[in-house]
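One structure is given below, encoded as structure tokens.
The values are calculated or read from the model by the stated rules, or taken from the named source; none is laboratory data. All of these numbers come straight from a predicted model, not from anything done at the bench. Cβ sites come from the backbone with ideal geometry, for glycine too, and all protein chains shown count toward neighbours. In case anyone asks, the SASA skips ligands and DNA or RNA and just uses the protein heavy atoms, side chains included. Shrake-Rupley method; radii C 1.70, N 1.55, O 1.52, S 1.80 Å.
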Amino acid sequence: MTQYDYDLFVIGAGSGGVRAARMARQYGAARVAIAEEYRVGGTCVIRGCVPKKFLVYASEFAKTFKLAESYGWSVGKPTFDWEKLIAAKDAEIDRLSGIYWRNLSNSGVEIIEDRAVFEDAHTLRLVKSGKTITAGKILVATGGTPFAPTDIEGHEMGVSSNEAFHLETLPKHVVIAGGGYIACEFAQIFAGMGSQVCQVYRGDTVLRGFDDDVRSHVHEELVRSGVRVITHAVFEKITDLGDGMKRVQLSNGSHVDADMVMYAIGRDPHVVGLGLDKAGVELDGKGAIKVDAFSQTSVGHIYAVGDVTNRVNLTPVAIREGAAFAATVFGGNPTAYDHNDIASAVFTQPPVGSVGLSEADARKAFAQVDIYKTSFRPMKISLTNDASRMLMKLVVDGETDRVLGVHIVGPDAPEMIQMAAIAVKAGLTKAQFDMTCAVHPTSAEELVTMKEKWSPPELKAAE
């Protein structure tokens, strides 16, 4: 047998790569190494989900202070310290990255702080050291990277979400390009901290890909929270006005002045410069690594998991894909992760929880679809003048009564959707939802008490 330096070499120490490496060792792979060019932990821990959630928490307090007054609390005028927040966030990220490092090391995985690129199908070169190594199995888990346009004059004056986590000061005026979850979350993060925020989106309503009712609801809440949303427009040019200010010319003929310009217009698979062509690994039309159900690429001994494959770009999915890879390749148990009915959350204010099919997708796939939905003011704000509302929606197969989708916008929606996802994944019916006793008083009880079917206005007119 050909002798390689490693049984498994993993490129990228994010959530998927770390899980795969550790489990490979548990299954008995003797020599496992993982290369990371930046910091152990990957996008989620270092520059994604985790630090962003800390910023979301921080931005919510301004509203909480106002709500407290309606409950009898008297508080002085609150002040916010951006530098203190960022320092606390950085300290926690350091701690978490250290935990990832220790877990890998304790598992017997060799950690290489270097960028690894392919020289051929079994050979990798470590860029900083210049050393070459060989591996019997190779896993690519390099994740994604923010897309930044280069065809806009002055594009270099904009930042991505990566840089937004490390700003020296809180910007006073922010303009954000994009209507996806990252754009919406950062819009309300900065608005909650006191910045003036303008969000520019090429479509008609934010959060493309989500249920239409969710999209409309989030759009309304963005405006309610003070975000100026401009639709049907894109950035055309960015000009330096001096004193830290920039002017963004829009395609609709207007302009926005801001001291921070941010791009949140998508993420690309992080494959540039990896040398995948030298290894014979095929990419799809969007630049993602093509894989089969078992995360195997076009080259038999090379695999890929996580955002670099552009399947479902969520941290828990990358972890499950990494685990399935290890079970398949080193555990003797071929495992294909099921990408159907994966719950997701958007940490806007209020947040979104969603699992299963949207109404539009369900109507395309099923002959009869029943919709149950409600919108109401959460009990917590009933003593206040806050006009925010909560949305809950069930999408049901009208023939089998199976719940196809659950969509929530409101306080604690991400927490609720985790539980609702179990029901959707299990194929439970609307009748079984109805048989479940409500917990009162809660917002979640609406999920098991909605009785009246909803019909679009055009269908009601036809009836």
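For a 21 Å ceiling on Cα separation, which of these pairs sit above it: LYS131/LYS278; LYS286/LYS364; LYS53/LYS290; LYS393/LYS451; LYS63/LYS380? Walk me through the numbers before you get to the answer.
Values: LYS131/LYS278 17 Å; LYS286/LYS364 25 Å; LYS53/LYS290 31 Å; LYS393/LYS451 12 Å; LYS63/LYS380 12 Å.
With Cα atoms farther than 21 Å apart: LYS286/LYS364; LYS53/LYS290.
Taking the Cα centre of the chain as origin and charging only Cβ (+1 Lys, Arg; -1 Asp, Glu), how large is the dipole, in debye to the nearest 20? Write down the numbers at each step before the final one.
Details: 48 positive and 57 negative charges, 123 e Å.
Taking the Cα centre of the chain as origin, the dipole is about 600 debye.
Rounded, prolate or oblate: which fits the range 343-461 when a ≥ b ≥ c are the square roots of the eigenvalues of the alpha-carbon gyration tensor, with rounded for a/c under 1.5 and prolate only if a/b beats b/c? Each step should come with its number before you reach the end.
On the way: a/c = 1.63, a/b = 1.44, b/c = 1.14.
Because a/c hits 1.5 or more and a/b exceeds b/c, the range 343-461 counts as prolate.
Hey, what's the Cα Rg ratio for the range 155-265 versus the globular rule of thumb, 2.2 N^0.38 Å? List each step's numbers first, then the result.
On the way: Rg = 13.1 Å, N = 111, 2.2 N^0.38 = 13.2 Å.
In units of the globular-protein estimate, the range 155-265 measures up at 1.00.
Can you tell me the order of 337-350, 178-191 when each peptide is scored by its average per-residue count of other Cβ atoms within 10 angstrom, highest first? Before the final figure, lay out each step's value.
Numbers: 337-350: 19.1, 178-191: 24.3.
Ranked from most to least packed, the peptides come out as 178-191, 337-350.
When ranked by the protection proxy of mean other Cβ atoms within 10 Å per residue, highest first, what sequence do the peptides 270-276, 325-331 form?
On the way: 270-276: 17.3, 325-331: 22.9.
Ranked by mean Cβ neighbours within 10 Å, highest first: 325-331, 270-276.
What does the charge count near ILE417 come to, summing +1 for each Lys or Arg and -1 for each Asp or Glu among other residues with Cβ under 14 Å from its Cβ? Walk me through the numbers on the way to the answer.
Working: positive: LYS393, LYS425; negative: ASP211, ASP341, ASP412, GLU415, GLU446.
Computed value for this residue: -3.
I'd like to know which of GLY273, MET260, GLY242 lies farthest towards the positive end of the charge dipole of the range 241-280, counting +1 on Cβ of Lys and Arg and -1 on Cβ of Asp and Glu.
Of GLY273, MET260, GLY242, it is GLY273.
Rg/Rh for the chain to two decimals, with Rh computed the Kirkwood way over all alpha-carbon pairs. Each step should come with its number before you reach the end.
On the way: Rg = 24.0 Å, Rh = 24.2 Å.
Checking Rg against Rh, the ratio lands at 0.99.
Can you give me the relative contact order of the chain as a percent, contacts being Cα pairs under 8 Å and 6 or more apart?
Details: 970 pairs, mean separation 68.5, N = 463.
It rounds to 15 percent for the chain.
Using a 1.4 Å probe over the heavy atoms of the protein chains, calculate the carbon and sulfur portion of the accessible area of the chain as a whole percent.
Details: 11240 of 22010 Å².
Answer for the chain is 51 percent, counting heavy atoms of protein chains only.
If you average the alpha carbon positions of the range 232-291 and of the range 93-107, how far apart do those two centres end up, in angstrom?
32
Roll a 1.4 Å probe over the protein chains and send me the accessible area per residue for the chain in Å².
On the way: 22010 Å² over 463 residues.
Accessible area per residue: 48 Å².
Could you compute the net charge surrounding THR374? Neighbours are other residues with a C-beta less than 13 Å from the C-beta of THR374; K and R count +1, D and E count -1. Don't jump to the answer; show the numbers that get you there.
Numbers: positive: LYS373, ARG377, ARG389, LYS393, LYS451, LYS453; negative: ASP213, GLU445, GLU446, GLU452.
For residues surrounding THR374, the net value is +2.
Ranked by accessible surface with a 1.4 Å probe, highest first, in what order do LEU383, LEU96 come? Could you put the intermediate results ahead of the total?
Values: LEU383 110, LEU96 35 Å².
Result of the area sort, largest leading: LEU383, LEU96.
Kindly rank 113-123, 400-410, 159-169, 435-445 from highest to lowest mean number of other beta carbons found within 10 Å of each residue. Don't skip to the end; give the middle numbers.
Numbers: 113-123: 18.4, 400-410: 23.6, 159-169: 15.8, 435-445: 12.0.
Final packing ranking: 400-410, 113-123, 159-169, 435-445.
Net charge near LYS430, counting Lys/Arg +1 and Asp/Glu -1 over other residues with Cβ under 14 Å of its Cβ?
Details: positive: LYS373, LYS393, ARG402, LYS451, LYS453; negative: ASP370, ASP397, GLU399, ASP401, ASP434, GLU446, GLU452.
Around LYS430, the surrounding residues sum to -2.
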